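Data block below; observations after.
The values are calculated or read from the model by the stated rules, or taken from the named source; none is laboratory data. Being a predicted model, the structure only gives us computed values, none of them experimental. Heads up, the Cβs are rebuilt from the backbone with ideal geometry, glycines too, and the neighbour counts pull from every protein chain shown.
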Amino acid sequence: MKANELKSKNIIESLRYAVIGIINSFKERNLKIQLFVMIMIVLLGLHLKISMNEWFVCIILFALVIGAEIFNTAIENAVDFIEKNRNDNPWNLDENAKLAKDASAGAVLVVSIASAVIGLMIFLPKILVIL
């Protein structure tokens, strides 16, 4: 199959593939955990009545973490596919393949830690007032 045969024919088809990619990514354990945390934060935000600006920050952070996790899933699957077809032992990773997988996981960790710190800055003062 040639590269131009892989391109979507129209915007609706492109959106369909994107939605399928998102749905398939949510089969991954880490994305399920991130989604659970996001739901808990939304519930806490509703309970604590956070401001509109705080909601904007939370929504941006949700998108960054979920997006990073989807990128990580894509990179890991691509590397696994290439490595599986490169040799008989899919767990005998080339050093560059291992670096790609570790770096993409590290990127998710960086975004997640930053999001957690910002989340604490938003929620901790409100929680301390209640206590």
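Would you confirm whether or not the range 45-58 contains a residue that is of a type in the set (Gly, Ala, Ser) and surrounded by 12 or more Cβ atoms within 10 Å (Cβ to Cβ)?
yes
Contact map, the range 43-62: residues that are modelled with pLDDT of 95 or more paired with residues that are outside any helix (DSSP H, G or I), Cβ distance under 8 Å, separation 6+ or inter-chain. Pairs shown: Cys58/Ile50. A count restricted to the range 29-50 and to residues that are closer than 18 Å to Ser115 by Cβ and in a loop (DSSP other than H, G, I, E, B) stands at 1.
Within the range 17-29, residues that are closer than 17 Å to Ala105 by Cβ sit with their Cβ atoms under 6 Å from residues that are assigned to a helix (DSSP H, G or I), at 6+ positions apart or across chains, in these pairs: Ser25/Leu31; Ser25/Ile70; Ser25/Thr73; Glu28/Thr73. Candidates are the residues of the range 63-87 that are among the hydrophobic types (A, V, I, L, M, F, W, C), surrounded by 16 or more Cβ atoms within 10 Å (Cβ to Cβ) and under 15 Å from Leu99 (Cα atoms); the one that is modelled with the lowest pLDDT is Val79.
Being over 18 Å from the mean Cα position of the chain (by Cα) and either farther than 30 Å from Met121 by Cβ or modelled with pLDDT under 95 (or both) is a property that Asn96 has. The set of residues in the range 14-52 being within 16 Å of Leu124 (Cα to Cα) and not aliphatic (A, V, I, L, M) consists of Gly45, His47, Lys49, Ser51.
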